[in-house]
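Derivation of every value follows stated rules applied to the coordinates shown; laboratory data play no part. Everything numeric in this text was worked out from a predicted model, so none of it was measured. Cβ coordinates were reconstructed from backbone atoms using ideal geometry, including for glycine residues, and neighbour counts include every protein chain displayed.
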């Protein structure tokens, strides 16, 4: 049985693989938390248009949709560790290039969009490889605890990075903020290279196309998996629109701009810290039933803004959202890693990611246009509906409601 106590989590954290991966996540995501704030307010200052900001912020997701499946297949076929290393270096190049554009006064929507596309390619190679690499770093019985530890680093870094990003954008502008982000990717790349993962299980196939067919077969064989990915195609579209654009635009128009937004996102990050600690202790009989229930809390910040709540209430709402988001993430990644054949982990993760983000660019662009055309109330209401309705429907799926963590995954050699 998995061990869920904090002393076990501390012992696991002290192992070199977990502590270095934790540090890599912490450094990378602290910088990454700054980047959306810098880009949102940088483009808003550059053109004053939420529609322009939406196109730029949506660019990485567009690139991800195109490249994700190839990224997952390459990660399963070669070395997940090396794929992440080179993806971090590519992200460093993109962030430093955008920093130069802002600092030199040469920033244009076209150039920013181009480098955001490159950044999206880096993310597309990184994400599925990282999900697969975790199963090479810890034993199977430690997966949930490891996901809680690493998820705490990933989301908890937002607590520092978002607050710092808001302050930096307000004090020194988006250029220096993106420069710091770029440097963080270089440090993370070095940490990834220092890991000592176990041997990667691989399936022999004739081509990447055959790899993708096998990955699709594995992905589509799990009803709970594809049903929840369909759910999150709408949920992520709403969340990306809100956190990537509508939230910053709302604080610019009705609050104290990047400073208030930094506090809000920081509170979200602190909530994920608490959620990670809680996730270590729990062992629900029906993990996906609990995970889906957490999603109903995701629109709380949106609702608070819709009701014109004071900053303190919005910050508390963000804490609750972060807490619930972390519990969902830990349960989701753990079940994915337990149920999916190890040799196909990155490919299945790629199908998960591409399905989840498929509508995100459309959500961002539509939100930017709606915000300008119909105002904040209409746009905030629409994002709430996009979360609540698909989440209610996915609970009707028997495999989602009744899944347990007792089934053994098949192992491919």
If each of residue 109 and residue 45 carries a label point 7 Å out from its Cα toward its Cβ, how far apart are those two points in nm? 1.9
Helix 345-357: angle to the longest alpha-carbon principal axis of the chain, degrees 0 to 90, nearest 10? 30
Percentage relative contact order, the stretch 6-402, counting C-alpha pairs under 8 Å, at least six apart: 29
Selected from 210, 240, 218 as most flexible by GNM, with the chain as the system and alpha-carbon contacts under 10 Å: 210
Calculate the FRET efficiency for residue 223 and residue 281 from the Cβ-Cβ distance with a Förster distance of 22 Å, rounded to the nearest 0.05. 0.15
How high is the relative contact order of the stretch 204-331, given as a whole-number percent (alpha carbon pairs under 8 Å, six or more residues apart)? 28
If a/c stays under 1.5 just call it rounded; otherwise compare a/b with b/c (prolate if a/b is bigger, oblate if not). Do that for the stretch 341-392, with a ≥ b ≥ c from the square roots of the Cα gyration tensor eigenvalues. oblate
Note to self: C-alpha centroids of the stretch 207-266 and the stretch 37-98 sit apart, in Å, by 14
Roughly how tilted is helix 109-137, in degrees to the nearest 10 and between 0 and 90, from the longest Cα axis of the chain? 30
Tilt of helix 360-374 relative to the longest C-alpha principal axis of the chain, in degrees (0 to 90, nearest 10)? 20
Among (1) 34.2; (2) 21.5; (3) 17.7, the entry that matches mean projected area of the Cα convex hull in nm² as calculated here: (3)
From the square roots a ≥ b ≥ c of the eigenvalues of the alpha-carbon gyration tensor of the stretch 145-278, which class results: rounded (a/c under 1.5), prolate (a/b over b/c), or oblate? prolate
Using a 10 angstrom cutoff on alpha carbons, build the Gaussian network for the chain and name the most mobile of 390, 16, 36. 16
Note down the nm distance, to one decimal, between modelled labels 7 Å out along Cα→Cβ at residue 196 and at residue 303. 4.9
Listed with the fewest Cβ neighbours within 10 Å leading, 111, 332, 171, 261 appear as 171, 111, 332, 261
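With the Cα gyration tensor of the stretch 64-113 giving a ≥ b ≥ c as the square roots of its eigenvalues, does the rule (a/c under 1.5 for rounded; else a/b larger than b/c for prolate; else oblate) give rounded, prolate or oblate?
In terms of gyration-tensor shape, oblate.
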Please order 205, 198, 233, 266 by the number of other Cβ within 10 Å, starting at the fewest. 198, 205, 233, 266
Take 286, 155 and order them by how many other Cβ atoms sit within 10 Å, fewest up front. 286, 155
Can you give the extra length, in nm with one decimal, that the chain gains between residue 19 and residue 373 once fully stretched, where that is 0.36 nm per residue apart less the Cα-Cα distance? 122.6 nm
Could you check the simple spin-label distance between residue 205 and residue 396, using points 7 Å along Cα→Cβ, in nm with one decimal? 3.3
